[in-house]
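The values are calculated or read from the model by the stated rules, or taken from the named source; none is laboratory data. These figures come from a predicted structure and were not determined experimentally. Glycine gets a Cβ as well: all are built from the backbone with ideal geometry, and neighbour counts include every protein chain shown.
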Amino acid sequence: MTPEGLIRVLPDGILELTVLVSAGSSRAGIRGIHGKAVKLAVHAPPERGKANSEAEELIAEWLGVPARQVRVVTGQASRNKVMRVSGVKPEAVRELVGELNKP
(Lines give C-alpha, C1' and ligand atoms only; values in the text may rest on other atoms or scores of the structure.)
Protein backbone atom coordinates (compact mmCIF):
# COMPACT_ATOMS: atom_id res chain seq x y z
CA MET A 1 0.00 0.00 0.00
CA THR A 2 1.25 3.46 -0.95
CA PRO A 3 1.11 6.18 1.72
CA GLU A 4 -1.33 8.93 0.73
CA GLY A 5 0.47 11.91 -0.81
CA LEU A 6 3.66 10.04 -1.71
CA ILE A 7 2.72 9.71 -5.41
CA ARG A 8 0.59 12.12 -7.38
CA VAL A 9 -0.40 11.67 -11.03
CA LEU A 10 -0.66 14.91 -12.99
CA PRO A 11 -3.22 15.31 -15.81
CA ASP A 12 -0.52 14.80 -18.48
CA GLY A 13 0.50 11.44 -16.98
CA ILE A 14 3.67 12.72 -15.35
CA LEU A 15 4.17 11.55 -11.76
CA GLU A 16 5.20 13.58 -8.76
CA LEU A 17 7.07 11.63 -6.11
CA THR A 18 7.75 12.98 -2.61
CA VAL A 19 11.26 12.18 -1.38
CA LEU A 20 13.39 12.82 1.70
CA VAL A 21 17.10 13.08 0.87
CA SER A 22 19.98 12.53 3.26
CA ALA A 23 23.08 14.07 1.63
CA GLY A 24 26.70 13.25 2.41
CA SER A 25 25.94 9.64 3.29
CA SER A 26 28.62 6.95 3.22
CA ARG A 27 26.20 4.55 1.45
CA ALA A 28 23.88 5.75 -1.28
CA GLY A 29 20.55 4.06 -1.94
CA ILE A 30 16.83 3.90 -1.38
CA ARG A 31 16.28 3.52 2.37
CA GLY A 32 12.54 2.92 2.54
CA ILE A 33 9.49 4.96 3.40
CA HIS A 34 9.59 7.79 5.94
CA GLY A 35 6.15 9.21 6.62
CA LYS A 36 4.78 10.26 3.23
CA ALA A 37 8.12 10.18 1.38
CA VAL A 38 10.59 7.79 -0.17
CA LYS A 39 13.75 8.12 1.91
CA LEU A 40 17.06 8.01 0.08
CA ALA A 41 20.70 8.63 0.86
CA VAL A 42 23.24 10.13 -1.53
CA HIS A 43 27.03 10.48 -1.34
CA ALA A 44 27.11 14.02 -2.73
CA PRO A 45 27.19 17.00 -0.40
CA PRO A 46 24.22 19.39 -0.34
CA GLU A 47 25.97 22.11 -2.33
CA ARG A 48 25.57 23.54 -5.85
CA GLY A 49 22.89 20.98 -6.74
CA LYS A 50 25.19 17.97 -6.41
CA ALA A 51 22.90 16.08 -4.00
CA ASN A 52 19.85 16.87 -6.16
CA SER A 53 21.56 15.51 -9.28
CA GLU A 54 22.57 12.31 -7.51
CA ALA A 55 19.07 11.95 -6.06
CA GLU A 56 17.56 12.29 -9.55
CA GLU A 57 19.94 9.62 -10.87
CA LEU A 58 19.15 7.29 -7.97
CA ILE A 59 15.37 7.63 -8.44
CA ALA A 60 15.74 7.16 -12.20
CA GLU A 61 17.73 3.96 -11.71
CA TRP A 62 15.22 2.66 -9.15
CA LEU A 63 12.28 3.35 -11.48
CA GLY A 64 14.08 2.12 -14.60
CA VAL A 65 13.93 5.37 -16.57
CA PRO A 66 16.68 7.61 -18.00
CA ALA A 67 17.90 10.26 -15.56
CA ARG A 68 16.74 13.02 -17.92
CA GLN A 69 13.14 11.97 -17.12
CA VAL A 70 13.49 12.80 -13.40
CA ARG A 71 13.66 16.37 -12.08
CA VAL A 72 13.50 17.99 -8.65
CA VAL A 73 10.68 20.53 -8.94
CA THR A 74 10.37 21.72 -5.34
CA GLY A 75 12.74 21.66 -2.39
CA GLN A 76 16.01 22.27 -4.24
CA ALA A 77 17.61 23.57 -1.02
CA SER A 78 15.72 21.26 1.36
CA ARG A 79 15.85 17.61 2.39
CA ASN A 80 12.15 17.38 1.50
CA LYS A 81 11.67 17.35 -2.25
CA VAL A 82 9.12 16.67 -4.94
CA MET A 83 10.40 15.05 -8.12
CA ARG A 84 8.60 14.81 -11.44
CA VAL A 85 9.03 11.57 -13.33
CA SER A 86 7.92 10.93 -16.90
CA GLY A 87 7.77 7.68 -18.81
CA VAL A 88 6.71 5.39 -15.98
CA LYS A 89 3.29 3.98 -15.12
CA PRO A 90 1.79 4.87 -11.74
CA GLU A 91 1.07 1.19 -11.03
CA ALA A 92 4.76 0.33 -11.46
CA VAL A 93 5.79 3.04 -9.01
CA ARG A 94 3.13 1.98 -6.49
CA GLU A 95 4.41 -1.59 -6.72
CA LEU A 96 8.01 -0.52 -6.07
CA VAL A 97 6.90 1.66 -3.16
CA GLY A 98 4.88 -1.26 -1.82
CA GLU A 99 8.03 -3.37 -1.84
CA LEU A 100 9.70 -0.76 0.39
CA ASN A 101 6.81 -1.05 2.86
CA LYS A 102 7.25 -4.79 3.37
CA PRO A 103 8.86 -5.79 6.68
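So if I check each of V97, V93, V19, V88, which one is in a loop (DSSP other than H, G, I, E, B) and either within 10 Å of the chain's Cα centre (by Cα) or surrounded by 14 or more Cβ atoms within 10 Å (Cβ to Cβ) (or both)?
Testing whether each residue is in a loop (DSSP other than H, G, I, E, B) and either within 10 Å of the chain's Cα centre (by Cα) or surrounded by 14 or more Cβ atoms within 10 Å (Cβ to Cβ) (or both) leaves just V88.
Taking the residues in the stretch 25-62 that are of a type in the set (S, T, Y) and not in a helix (DSSP H, G or I) as candidates, determine which candidate is farthest from L6 (Cα to Cα).
Result: S26.
Output the residues belonging to the stretch 44-60 that are in contact with a helix residue (DSSP H, G or I) (Cβ under 8 Å, 6 or more places away or on another chain) and modelled with pLDDT under 95.
Those that are in contact with a helix residue (DSSP H, G or I) (Cβ under 8 Å, 6 or more places away or on another chain) and modelled with pLDDT under 95: A44, P45.
May I ask you to list the residues in the stretch 73-103 that are under 13 Å from I14 (Cα atoms) and free of Cβ contacts under 8 Å to residues at least 24 places away in the same chain?
Passing the criteria: G87, K89, E91.
Go through (1) modelled with pLDDT under 90; (2) on the phi > 0 side of the Ramachandran plot; (3) in contact with a helix residue (DSSP H, G or I) (Cβ under 8 Å, 6 or more places away or on another chain) for G87 and report which single condition fails.
Going through the list (1) modelled with pLDDT under 90; (2) on the phi > 0 side of the Ramachandran plot; (3) in contact with a helix residue (DSSP H, G or I) (Cβ under 8 Å, 6 or more places away or on another chain), G87 breaks only (1).
Collect the residues in the stretch 33-70 that are surrounded by fewer than 16 Cβ atoms within 10 Å (Cβ to Cβ), over 16 Å from V82 (Cα atoms) and among the small types (G, A, S), keeping them in residue-number order.
G64
Residues V65, V73: which one is in a loop (DSSP other than H, G, I, E, B) and either acidic (D, E) or in contact with a strand residue (DSSP E or B) (Cβ under 8 Å, 6 or more places away or on another chain) (or both)?
V65
List the pairs whose first member sits in the stretch 8-31 and is of a type in the set (D, E), whose second member is modelled with pLDDT under 95, and whose Cβ atoms are under 7 Å apart, counting only residues at least 6 apart or on separate chains?
Listed by first residue and then by second, the contacts come to E16/R8; E16/L10.
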